[in-house]
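**Q** Structure in structure tokens, see below.
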Amino acid sequence: MSVVHLRRARTSLVLDARGPGLPRVVHWGGDTGDLDDHGLRQLADATVPPVVPSSFDVPTVLSLLPEASAGWSGRPALAGHRDRADWSTSFQLDRLDVDDPADPGAPARVGVHASDPEAGLSLTIELTLDPTGLVLLRHRLRNDGASPYELRELTPVLPVPAVATELLDLTGRWCRERSPQRHPWPMGTWVREGRHGRTGHDATLLLVAGTAGFGFGTGEVWAVHTAWSGDHVTFAERSPTGTATLGGGELLAPGEVVLGPGDSYATPLLYAVWSDAGLDGLSDTLHTHLRARPQHPRAPRPVTLNVWEAVYFDHDLARLRALADQAAEVGVERFVLDDGWFRGRRADTAGLGDWYVDEGVWPDGLHPLIDHVTKLGLQFGLWVEPEMVNPDSDLFRAHPEWVLAAPGRLPLSWRNQQVLDLAQPGAYAYLLDRLDALLTEHPGISYLKWDHNRDLTEAGHQGRPGVHAQTEAVYRLLDELRRRHRNVEIESCSSGGARVDLEILARTDRVWASDCNDALERLAIQRWTGLLLPPELIGSHIGPERSHTTNRVHDLGFRATTALFGHHGIEWDIASISPVQRRELAAWVALHKRLRPLLHTGRTVRVDHPDPAVWAHGVVAHDGSQAVYAVSRLATSVAQVPGAVRLPGLDQRRRYTVRPAQGVPAPATVQRAEPGWLPDGVTLTGAALGNVGLQLPALHPEQALLLEVTAAG
Ligand code: DGJ
């Protein structure tokens, strides 16, 4: 056994695996340069903390699974017992597998195999350093004993150095997902728990620790993401003993996971990422990793029209056909029929579970609409909410026992619905059969918007806590459907953005970020969702002029500029707007299509502007040949001239021409007299644009200016 050094993409991970206990993380962060075995041993020895007064008589170090037996007094990484015994462990290292190919484009992997025969447990730790520098960590625990072992918690953690003194994470609610919260990192534990049975509107996509004042483009930052769509925890812990850790795993209810002899439990994957280039650096690594996945959607993301905010439950074939005609005219490429097409679903009070086309509303089935849409050259998508059931449905009347519930009572009602217990074979088979049949009977359906509109509350499976089994069953259902219908893309929607995590995204093709299509709110929701996800995975639609969820009114330019930076779409009754508006909309759609190859492959950058009412973000091509930036004015400011806006991320030495986006109307400004450079554009080096920036017109509040940047020559 030795000290192991993994290096990829300027990230180093050093593990002291000399035993006899579990490997210690000597370092996770910036590259340490070449170190030979001797150098690695020296580094490992030189980073062992001193023995201090009133403490253990030997130095205590942090392993990949910190244990009380090694002096850990922080949050337990493993908690469990066997009829009140075997509640503490001392794992000994049995074997270490290191697979570290010389090719920097291949991942480096470490497998740690350890056991505690006394406790009757064995542990496998799978650690991968991805070519992008991303760390993926998973623990597996096996019960080697002869009696059941109740697992309460198993959580991977990684250490963060003392220079990280501030924390940033995200919270939120329906229509206000991903609100950042930031504060100094105090002693103690900052815990973000979600007990919603789904990822949750308030889930922090990343928990970030960083050096003082870190921003989008500056500072050294460490972050973790807990990839799990059920109950989960993500935390940061700092103690006077000098340790600081980030961790995350599943939240288990009492009795939820009891391992029989020979049974195993695997934690969700913990994604961990380091950068010395601020939050944009974290996003860059995560986006690059996600884009390299084999299943990452590579075909151009079709501009979508979703009918929800256009017609709601008012399904009428003639009206929907007319909407599809208008959609085709403005350049839409995918038409999605939302909630309301199945039996009994005339409002959100009934029908969920009865996944048969409603014969009353659709006497000839969905075929006439699907045929119409596909003949127009558009893809057809359909909304489903498979895990849910309304008590007012044939399914519930036939199978009240298929609902997740505590014995003797139904969970509190939420949007008039309950959750089906997919760990029950009958319920699972029914759903698989119905969804499979729908897709088989309608080969024109190439997209499912998969919704999930309530929390899981008192989610009991045959008297026991059921969220863990439910989450796994949903993954199984999605995997099986995808296996059977490989051409069907799936969107993860959950009352807007309540199911956004990397495990649901392993089996879906985009997320619906929020039910709020108000561009002002969306700017923030998309900015922070984009911390984890690249734009092509984030559904972002142009809503109606007056937002249905906030009542704010925005002109098309502001709405379209905001919706441009994502998987673009429209959610608006465009059959009821004027031909002039439709022409303007078509120009925006055309602009998105022209910029889409850049938007959906480039590097996302965000600007730290000193004026909090001035926001700018952009996408820069990896080869530095072009970029697009949006500068938005959120509100008025005291300063009439807020100062130049820097355009980060460009190649320092190349020269670029910056122009307002062509072919779409300019935003409303305070006065028409614009900075002299604006009408014809300006040509400057990437260094000048990044370090000096440009003065921009005085925008009215809730207006945005789109800038196209092209390398000269
Ligand atoms: C919630 C989703 O987030 C909306 O987009 C819409 O699909 C409704 N459900 C339909 O009930």
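**Q** Return a whole-number percent for the relative contact order of the range 493-575, with Cα pairs under 8 Å and 6 or more residues apart as the contact set.
**A** 29 percent
**Q** Related question: Average projected area of the Cα convex hull of the range 505-614, in nm²?
**A** Computed as one quarter of the Cα hull surface, the answer is 7.7 nm².
**Q** Let me ask something additional. Enter the Cα centre distance for the pair the range 303-358 and the range 599-674, rounded to the nearest angstrom.
**A** 36 Å
**Q** Same structure again: Taking the range 549-616 as the region of interest, what is the percent of Cα-Cα pairs per 10 angstrom bin, listed from the shortest bin to the one with the maximum distance?
**A** For the range 549-616, the pair-distance distribution reads 16, 42, 32, 10, 0.
**Q** Here's a follow-up. What is the antiparallel percent of DSSP beta bridges lying wholly in the chain, to the nearest 5?
**A** For the chain, the DSSP antiparallel bridge percentage is about 85.
**Q** Could you pull the Rg and Dmax for the range 140-222, using just the Cα atoms, both in Å?
**A** Computed over the Cα atoms of the range 140-222, radius of gyration and Dmax are 16.9, 54 Å.
**Q** Could you tally the net charge around His609, taking each other residue with its Cβ under 15 Å from the Cβ of His609, Lys/Arg +1 and Asp/Glu -1?
**A** Details: positive: Arg527, Arg606, Arg633, Arg646; negative: Asp280, Asp608, Asp611.
Value of the local net charge: +1.
**Q** Just add up the charged neighbours of Val488: K/R +1, D/E -1, any other residue whose Cβ is under 15 Å from the Cβ of Val488.
**A** Summing Lys/Arg as +1 and Asp/Glu as -1 gives +2.
**Q** Going 7 Å from the Cα of Gln662 along its beta-carbon direction, which residues of the range 559-599 have the amide nitrogen within less than 16 Å of the resulting point?
**A** Answer for the range 559-599: 587-588, 590-596.
**Q** For every helix of n ≥ 4 consecutive DSSP H residues, a contribution of -39,500 (n - 2.57) applies; sum these over the chain, divide by its total residues, and give [θ] at 222 nm rounded to the nearest 500 deg cm²/dmol.
**A** My calculation for the chain gives -6000 deg cm²/dmol from helical runs alone.
**Q** Leaving out ligands and nucleic acids, and using a 1.4 Å probe, what accessible area per residue does the chain come to in Å²?
**A** Computed with neighbouring chains in place, this is 37 Å² per residue.
**Q** What part of the accessible area of the chain, given as a whole %, is carbon or sulfur when the probe is 1.4 angstrom? Mind showing how you got there, number by number?
**A** Numbers: 14140 of 26710 Å².
Reported share for carbon and sulfur atoms: 53 percent.
**Q** Next question. Using only the Cα atoms of the range 455-498, what semi-axes does the equivalent ellipsoid have when each is the square root of 5 times a gyration tensor eigenvalue? Give whole Å, largest first. Walk me through the intermediate numbers first.
**A** Working: eigenvalues 121, 47, 5 Å².
Computed over the range 455-498, the values are 25, 15, 5 Å.
**Q** Also, I was wondering about something else. With a cut-off of 8 Å between alpha carbons and a minimum separation of six or more residues, what is the relative contact order of the chain in percent?
**A** About 10 percent, as a whole number.
**Q** Using 7 Å Cα-to-Cβ label points, what is the Glu441/Arg321 separation (nm, one decimal)?
**A** About 2.1 nm separates the two model spin labels.
**Q** Averaging sequence separations of C-alpha pairs under 8 Å and six or more residues apart, then dividing by the length of the range 1-111, give the relative contact order as a whole percent.
**A** 21 percent
**Q** Can you compute the equivalent ellipsoid semi-axes for the range 304-600, i.e. the square root of 5 times each eigenvalue of the Cα gyration tensor, sorted largest first and rounded to whole Å?
**A** Numbers: eigenvalues 206, 92, 63 Å².
Each semi-axis is √(5λ); the values are 32, 21, 18 Å.
**Q** Still on this structure, please answer the following. What span do the alpha-carbon atoms of the range 410-487 cover on each of the three principal axes, reported in whole Å from largest to smallest?
**A** Extents along the principal axes, in whole Å: 39, 24, 16.
**Q** Please report, in cubic angstrom per residue, the volume enclosed by the convex hull of the alpha-carbon atoms of the range 523-570.
**A** Each residue corresponds to 66 Å³ of Cα convex hull volume.
**Q** Within 10 Å, Cβ to Cβ, of Ala106, how many net charges do the neighbouring residues add up to if Lys/Arg are +1 and Asp/Glu are -1?
**A** Charge balance near Ala106 sits at -2.
**Q** About the Cα centre of the range 304-600, what is the dipole size in debye to 20, counting +1 per Lys and Arg Cβ and -1 per Asp and Glu Cβ, all else neutral?
**A** Dipole magnitude for the range 304-600 comes out near 680 debye.
**Q** If you average the alpha carbon positions of the range 529-549 and of the range 217-256, how far apart do those two centres end up, in angstrom?
**A** Taking the Cα centre of the range 217-256 as reference, the centre of the range 529-549 is 27 Å away.
**Q** Mind listing the lone cysteines of the chain, meaning no other Cys beta-carbon sits under 4.7 Å from theirs?
**A** Cys493
**Q** Let me ask something else. Which length gain, in nm to one decimal place, applies between Asp611 and Arg546 when the Cα-Cα distance is subtracted from 0.36 nm times their residue separation? Could the numbers behind the result be given before it?
**A** Values: separation 65, 0.36 × 65 = 23.40 nm, distance 2.70 nm.
Extending this stretch completely gives an extra 20.7 nm.
**Q** May I ask which residue of Ala627, Gly133, Leu78 lies farthest towards the positive end of the charge dipole of the chain, with charges of +1 (Lys, Arg) and -1 (Asp, Glu) on Cβ and the Cα centre as origin?
**A** Checked the options; the winner is Ala627.
**Q** With point charges of +1 on the Cβ of Lys and Arg and -1 on the Cβ of Asp and Glu, referenced to the Cα centre of the range 464-582, which listed residue (Gly466, Leu537, Pro579) lies farthest in the positive direction of the dipole?
**A** Going by the charge dipole, the pick is Gly466.
**Q** Can I ask one more? When only alpha-carbon atoms count, how far does the range 31-70 stretch along each of its three principal axes, as whole angstroms with the largest first?
**A** 37, 23, 16 Å, listed from the longest principal axis down.
**Q** Can you give the charge dipole size of the range 537-630 about its Cα centre, rounded to the nearest 20 debye, using +1 on the beta carbon of Lys and Arg and -1 on the beta carbon of Asp and Glu?
**A** 220 debye
**Q** Here is a follow-up. Report, as a whole number in µm² per second, the diffusion coefficient that Stokes-Einstein gives for the range 569-713 at 10 °C and 1.306 mPa s using the Kirkwood radius over alpha carbon pairs.
**A** 99 µm²/s
**Q** Right, here's the next one. When DSSP beta bridges are limited to those with both residues in the range 304-600, what percentage is antiparallel, rounded to the nearest 5?
**A** 25 percent
**Q** Let me ask something additional. Hey, what's the Cα Rg ratio for the range 3-291 versus the globular rule of thumb, 2.2 N^0.38 Å?
**A** Working: Rg = 18.5 Å, N = 289, 2.2 N^0.38 = 18.9 Å.
So the Cα radius of gyration is 0.98 times the expected 2.2 N^0.38 Å.
**Q** What is the ratio of the Cα radius of gyration of the range 608-687 to 2.2 N^0.38 Å, where N is its residue count, to two decimals?
**A** In units of the 2.2 N^0.38 Å rule of thumb, it is 1.17.
**Q** Between Asp103 and Thr32, with labels modelled 7 Å along Cα→Cβ, what's the label distance in nm to one decimal, could you check?
**A** Placing both labels 7 Å along Cα→Cβ, they lie 2.7 nm apart.
**Q** Work the Kirkwood hydrodynamic radius out for the chain: mean of 1/r over every pair of different alpha-carbon atoms, inverted, in Å. Before the final figure, lay out each step's value.
**A** Numbers: mean 1/r = 0.0369 Å⁻¹.
The answer is 27.1 Å.
**Q** Taking the Cα centroid of the range 107-176 and of the range 437-505, what is the distance between the two, rounded to the nearest whole Å?
**A** Each part reduced to its Cα centre gives a spacing of 25 Å.
**Q** So if we plug the beta-carbon distance of Asp364 and Asp263 into 1/(1 + (r/R0)^6) with R0 = 41 Å, what FRET efficiency do we get, rounded to 0.05? Show your work: numbers first, answer last.
**A** Details: r = 52 Å, r/R0 = 1.26.
So, using R0 = 41 Å, E works out to roughly 0.20.
The values are calculated or read from the model by the stated rules, or taken from the named source; none is laboratory data. The structure displayed is predicted, hence computed values, not measured ones. Ideal geometry is used to build each Cβ from the backbone, glycine not excepted, and the neighbour counts take in all protein chains shown. Quick note on the areas: whole protein, heavy atoms, side chains included, nothing else; ligands and nucleic acids left out. Shrake-Rupley method; radii C 1.70, N 1.55, O 1.52, S 1.80 Å.
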